[in-house]
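Q: One structure coming up, written as structure tokens, with questions to follow.
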Amino acid sequence: MTRRQRLVLVLLLGSQFMVAVDFSILNVALPVVGEGLGFSLSHLQWIATAFALAAAGFTLLFGRVADLFGRKRLFIGGMALLGLSSALGGLATTPEVLLTARVLQGLATAAVTPAGLSLLTTAFREGPQRDRALGLNGALMSAGFTTGALLGGLLTDLLSWRWAFLINVPVAAAVVALAPALLTDSRIVCRHRLDVPGAVTVTGGLLAVVYGLTRAGESGWGDPVALASLVAGGALLVAFWFVERRSAAPLIPVRIMRRRTVVWGNAAGLVAFATETSLVFLLTLYLQEVLGYSALATGLAFGVLGLGTVAGG
């Protein structure tokens with residue numbers, strides 16, 4: 001690698017690592033945040049869910065926007081939004097402001113993740129260099145989840161839960177300052193416009209499914225709103241499949257779902273995220289509310305769990 005490529009690699013991997021840290025840094029601080037801002041125990045999950053709704057719902061759409069209108073532009077814009085929303089969360093004095101900050105962090109993550117990954121693949125030629133860069137990216141993102149738990153516990157115990165937000169601000173500012181000079185923009189040369197029907201159906205479907213699952217966890221599976229959201233989400237995702245089959249410029253060419261590597265990779269990712277994220281949320285409450293662990297001790301406990309995640313990544 002040239003010196004410039006090494007700098008690009010550090011910049012992009014650092015930003016993806018920061019995004020991964022954001023997924024878990026607030027988890028171990030949830031009970032402390034709840035006490036500080038007046039969240040009830042049953043509503044604590046919305047601190048995580050507000051982030052997940054935006055991140056899960058808009059990642060695919062923003063990935064396509066980056067392809068068509070410039071990956072570098074969306075990446076820098078997403079990092080700027082991440083810094084501003086983190087500052088808002090760190091200064092929040094009410095639950096409403098904190099949840100707004102989490103939604104904005106989720107939107108920033110939905111922009112930065114696909115744009116950063118695209119910039120990483122276009123910065124290196126196909127072959128050993130790109131393989132090494134992608135391997136490092138996977139390992140660092142896995143390490144980010146573990147580091148987030150450890151760092152969140154450390155900051156909460158030694159300083160304040162607010163630093164779980166504020167620590168992002170100088171990192172985001174540094175990335176925004178350096179990215180224009182280091183990154184080379186790339187986009188797909190395409191005469192087609194954005195696949196609006198596909199964007200509406202997939203974004204609406206993902207939002208409805210995530211909201212339905214959250215509502216069911218809070219109110220029970222007999223809750224009409226939860227059931228209606230899940231049914232609507234499922235219908236929209238089915239509609240998305242048929243829209244993509246007919247679209248001239250689909251968000252996802254459905255033919256790639258015939259590839260075994262894509263199917264098995266997505267299945268493994270779904271299992272990993274579904275088990276780890278649910279486990280972390282429940283264990284955070286159990287370790288601190290039942291067993292009386294501090295936020296730091298909880299973070300250290302998750303550090304053991306994360307060793308397997310890092311090795312897998």
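Q: When the chain is fully extended, how far beyond the present Cα-Cα distance does residue 185 get from residue 158, taking 0.36 nm per residue of separation? If you can, show how the numbers build up before the last one.
A: Details: separation 27, 0.36 × 27 = 9.72 nm, distance 4.08 nm.
Working it through step by step, the gained length comes to 5.6 nm.
Q: Residue 121 versus residue 166, label points 7 Å from Cα toward the beta carbon: distance in nm?
A: 3.9 nm
Q: Let me ask something else about it. For the chain, give the percent of accessible area contributed by carbon and sulfur heavy atoms, probe 1.4 Å, rounded to a whole number. Spell out each step's value before the answer.
A: Details: 10650 of 15520 Å².
The value for the chain is 69 percent carbon and sulfur by accessible area.
Q: Can you give the charge dipole size of the chain about its Cα centre, rounded to the nearest 20 debye, using +1 on the beta carbon of Lys and Arg and -1 on the beta carbon of Asp and Glu? Intermediate values should be presented prior to the final figure.
A: Numbers: 22 positive and 14 negative charges, 333 e Å.
Value, rounded to 20: 1600 debye.
Q: With helices defined as uninterrupted DSSP H runs, which ones in the chain have an alpha carbon span along their own long axis of at least 24 Å and mean Kyte-Doolittle hydropathy of at least 1.0? Don't jump to the answer; show the numbers that get you there.
A: Values: long enough: 3-24 (32 Å, 0.87); 45-69 (35 Å, 1.32); 71-90 (28 Å, 0.77); 95-123 (41 Å, 1.04); 128-158 (43 Å, 0.40); 196-219 (33 Å, 0.92); 224-246 (33 Å, 1.30); 260-285 (38 Å, 1.22); 295-312 (26 Å, 1.68).
Counting only whole DSSP H runs, the qualifying helices are 45-69, 95-123, 224-246, 260-285, 295-312.
Q: Right, next: Suppose R0 equals 41 Å. What FRET efficiency, 1/(1 + (r/R0)^6) with r the Cβ-Cβ distance, do residue 40 and residue 304 give to the nearest 0.05?
A: Working: r = 30 Å, r/R0 = 0.74.
FRET efficiency, residue 40 to residue 304: 0.85.
Q: FRET efficiency for residue 238 and residue 100, Cβ-Cβ distance as r, R0 = 25 Å, nearest 0.05?
A: Values: r = 32 Å, r/R0 = 1.28.
Working from the Cβ atoms, E equals 0.20.
Q: What accessible area per residue, rounded to a whole number of Å², is obtained for segment 110-206 using a probe radius of 1.4 Å? Walk me through the numbers on the way to the answer.
A: On the way: 4840 Å² over 97 residues.
For segment 110-206, the per-residue accessible area is 50 Å².
Q: Still on this structure, I have one more. Would you please give the FRET efficiency between residue 245 and residue 91, computed as 1/(1 + (r/R0)^6) with r the Cβ-Cβ distance and R0 = 45 Å, to the nearest 0.05?
A: Details: r = 47 Å, r/R0 = 1.04.
The computed FRET efficiency comes out at 0.45.
Q: Can you pull the one-decimal nm distance between simple spin-label points at residue 262 and residue 194, each 7 Å off the Cα toward Cβ?
A: 2.2 nm
Q: Hey, can you find the accessible area per residue of segment 4-64 for me, probe 1.4 Å, expressed in square angstrom?
A: 33 Å²
Q: Something else: Using the charge dipole of segment 55-163 (Lys, Arg: +1 at Cβ; Asp, Glu: -1 at Cβ; taken about the Cα centre), state which of 110, 154, 69 has its Cα farthest towards the positive end.
A: Going by the charge dipole, the pick is 69.
The values are calculated or read from the model by the stated rules, or taken from the named source; none is laboratory data. Keep in mind that what you see is a predicted model, and the values were worked out from it rather than measured. All Cβ positions, even for glycine, are placed from backbone atoms using ideal geometry, and neighbour counts span all protein chains on display. Just so you know, the surface numbers come from the protein's heavy atoms only, side chains and all, with ligands and any DNA or RNA stripped out. Shrake-Rupley method; radii C 1.70, N 1.55, O 1.52, S 1.80 Å.
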